[in-house]
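**Student:** Before I ask anything, here is the structure I am working with.
The values are calculated or read from the model by the stated rules, or taken from the named source; none is laboratory data. Please read these numbers as outputs of a predicted model, since none were measured by experiment. Here the Cβ positions follow ideal geometry from the backbone for every residue, glycine too, while neighbour counts run over all protein chains shown.
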Amino acid sequence: MRMSKLVGRRIKEDPKDAKTVSHKFLIRGGYARLVSAGIYSLLPTGKRIVEKIEGIIREEMNRIDGQEVLMPVVLPAELWQESGRYETVGSELLRFKDRNDKPMLLAMTHEEGVVHLARTELGSYKQLPAMLYQIQTKYRDEARPRAGLIRVREFTMKDAYSFHPDQADLEVYYHRCHEAYERIFRRLGMTEVLSIEANSGMMGGKVSHEFMAICDCGEDTVITNKDRSYRANREIAVAAWKFEKPAALPLEKVSTPGKKTIEEVAEFLGVQSENTGKAVFYQDTRTGELVFVLIRGDFEVNETKLGNAVRIGELKFADDAAILAAGAVPGYASPLGVDGKKVKIVVDRSAAESGNLVVGANEADFHYRNFNFDRDLAGVECLVTDIAAVREGDPCPVTGEPLIFSRGIEVGNIFQLGTRYTESMGCTYLDRDGKSHPMVMGCYGIGVGRAMASVMEQAHDEYGPVWPMSIAPWQVEICAITPDKDGVGGVCDRLYDELSGLGVEVLYDDRGEKAGSMFSDADLLGVPFRLVVSPKTLAESQVEFKRRGSRDAERLSLEGLAGVVRGMVERELSLYQ
RNA sequence: CGGGGCGUAGCGCAGUGGCUUAGCGCGUCUGCUUUGGGAGCAGAAAGUCGCGGGUUCGACCCCCGCCGCCCCGACCA
């Protein structure tokens, strides 16, 4: 490619709307342009990278016996009505009607679409397992797109779906796919991607993993220990808390006028927050059922863990009216005197395994000192479990070291779906004995554009991205300094032709710009190898060779240069095989 | 969906109720000079001042409504 003809201008100044590194460089380098919030066009340079990413994904999907398909972006609503999701998914699903008033939608994921295929094309145990995948456009009407290509409304996704005769078969395949994902992210040149166990949900048996690219602009919190032998997302993270139970002192009612929050009460009574118990009320969003939670004052409730513990899909804070109706006083609520038969009581281990806590008295302006779970709640029906949110520095459940919080971008997700879709949509096969069973499904996604942005986040310097050879838009850039002097242009033209002829992807800056100008553009384009040809080096029959991201340059002889450079490109590429 | 910010040339910004024919820098185009980290000089093209309404003799500027974009939060198959 001759730079003089490359579409996608480089921009000297940071665009005002871009805050994250990848967003800035995507715009400044001419990789992508915003069309509407969260909707981008890819320019040639960006498109080349995306194609390489897709190529690597394709190779790895094929390696685990995937078969590529292409499903439509527009699906009839009836397909989603079959699975029930037409009703349950919110406004991020873009619904519309065609000319005949038939309800349609833009698919945000393709479980329904692929089951539509699988239930007609697959019918025998002999055909299983089978994996279908596609690399295709998804639309999700996100409430808040952000950070360039990190979170968008329209995007390209590799989504894969596997079909199995039973759970055991799925688990074997799931593991292969996990390995394939690790290979993919390594080959894309990501420096740090962690697979973390994600919320397994209330259905039990469901397993899923998120692949998190660690970087500061990540939207998610990844919780690990130092050597990363423990990895979890915030929703399911646990810690090896140790609690001490002192000798129980007698329960004592104390006046705490106007003191409602843990901080106020603790300060007023001269104790630490870990010597208090906090009462929190939740409600099942659907049924309105109340859940009373007691947790030690220095902890916060992890709503996902709580939801899993009580098998409620969606919880919200209970309003004061509901709390009063249950016989508790907001601000002074107490586990003492609450009827475990009327209200579900959940006690976090932190409160159950500590002692002599200050808790509410269920009476305005009064608290109790010296609450002890074993003694004071004896005989009350309640669930003792771990529903506490992990805090940075809490002891790791594996090693006991302090837990570390990092930020991560979710670049991939794999999920054991089970029969959620195959049962509702009638996707069955016949076994050896002619008996019909729903297929067991897994699904596996990677956001392609998000992956590109994530590589940028992880591999850049102050001047631009430093693309790994595996996905670089071009492998080599030639900068012709004063192309009309001393035969520079001719040498560059020849070199460009020779390298291209050898199959090397070359970007040739033939514009005759000032050197500084060319170098700045080159940095923004992040091509891994740079050849600088100038009268100075040509006088010694040499050119300058520089790796993007390295300070040092070396000289290479013009003699046989194209072959030498091709060899270097191939060596570099082999690092990503 | 809540909170905040911003909409003036391709990009980044300035601007005042009327001497503004709306400017500045970058970029673009022409010419000359230049060529190792975003050069210099001279000239040029380029704007429905987000949209609609109102106030006014007069609105890019003041008022009302709408739209769009960004950031924080909620949400996120």
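**Student:** Just name the residue that is nearest to the chain's Cα centre (by Cα) out of those in the stretch A:229-261 that are under 16 Å from A:PHE299 (Cβ atoms), hydrophobic (A, V, I, L, M, F, W, C) and surrounded by fewer than 17 Cβ atoms within 10 Å (Cβ to Cβ).
**Tutor:** Looking at the filtered set, the residue picked out is A:ALA240.
**Student:** Separate question: What about A:VAL532, is it at pLDDT 90 or above, touching a strand residue (DSSP E or B) at 6+ places or on another chain (Cβ under 6 Å), assigned to a strand (DSSP E or B) and near RNA strand B (Cβ under 7 Å from one of its atoms)?
**Tutor:** Here the answer is yes, as A:VAL532 does meet what is asked.
**Student:** How about the stretch A:490-529: which of its residues are basic (Lys, Arg) and away from RNA strand B (no atom under 12 Å from the Cβ)?
**Tutor:** Listed by number, the list holds a single entry, A:ARG494.
**Student:** Given the conditions (1) more than 12 Å from RNA strand B (Cβ to nearest atom); (2) among the basic types (Lys, Arg); (3) surrounded by 14 or more Cβ atoms within 10 Å (Cβ to Cβ), and given that A:LYS126 satisfies all but one, which numbered condition is not satisfied?
**Tutor:** So the condition that A:LYS126 fails would be (3).
**Student:** Another one. Identify the single condition in (1) buried (at least 22 other Cβ atoms within 10 Å of the Cβ); (2) within 28 Å of A:VAL411 (Cβ to Cβ) that A:ASP509 does not satisfy, given that it satisfies every other one.
**Tutor:** Condition (2) is where A:ASP509 drops out.
**Student:** Sort through A:LEU79, A:LEU106, A:LEU34, A:LEU70 and tell me the only one that's away from RNA strand B (no atom under 16 Å from the Cβ), of a type in the set (A, V, I, L, M) and either loosely packed, with under 12 Cβ neighbours inside 10 Å or more than 30 Å from A:SER500 (Cβ to Cβ) (or both).
**Tutor:** One residue alone meets the criteria, A:LEU70.
**Student:** Look through the stretch A:418-445, keep the residues that are of a type in the set (A, V, I, L, M) and buried (at least 16 other Cβ atoms within 10 Å of the Cβ), and return whichever of them is nearest to A:MET131 (Cα to Cα).
**Tutor:** Once the filter is applied, the top-ranked residue is A:MET441.
**Student:** Let me ask something else about it. Using beta carbons and a limit of 8 Å, which pairs, at least six apart or on different chains, have the first residue in the stretch A:210-229 and at negative phi and the second one among the aromatic types (Phe, Trp, Tyr) and away from RNA strand B (no atom under 15 Å from the Cβ)?
**Tutor:** A:PHE211/A:PHE185; A:ALA213/A:PHE185; A:ILE223/A:TYR230; A:THR224/A:TYR230
**Student:** Where residues in the stretch A:466-520 are among the β-branched types (Val, Ile, Thr), assigned to a loop (DSSP other than H, G, I, E, B) and within 30 Å of A:MET452 (Cα to Cα), which of them is farthest from the chain's Cα centre (by Cα)?
**Tutor:** Top of the filtered list is A:VAL504.
**Student:** Further question: So, of the residues in the stretch A:267-277 that are under 39 Å from the mean Cα position of the chain (by Cα) and in contact (Cβ under 8 Å) with a residue 40 or more places away in the chain, which turns out to be nearest to A:LEU306 (Cα to Cα)?
**Tutor:** Among those residues, the one meeting the criterion is A:GLY277.
**Student:** For the stretch A:279-310, what are the residues that are closer than 20 Å to A:THR385 by Cβ and free of Cβ contacts under 8 Å to residues at least 60 places away in the same chain?
**Tutor:** Result: A:VAL280, A:PHE281, A:TYR282, A:GLN283, A:ASP284, A:GLU289, A:LEU290, A:VAL291, A:PHE292, A:ASP298, A:GLU303.
**Student:** If I filter the stretch A:417-465 down to residues being among the charged types (D, E, K, R) and not in a helix (DSSP H, G or I), which single residue comes out as farthest from A:HIS116 (Cα to Cα)?
**Tutor:** A:GLU462
**Student:** Residues that are at pLDDT below 80 and touching a Ser or Thr at 6+ places or on another chain (Cβ under 7 Å): find the strands (runs of 3 or more DSSP E) completely inside the stretch A:238-317 holding 1 or more of those.
**Tutor:** A:315-317
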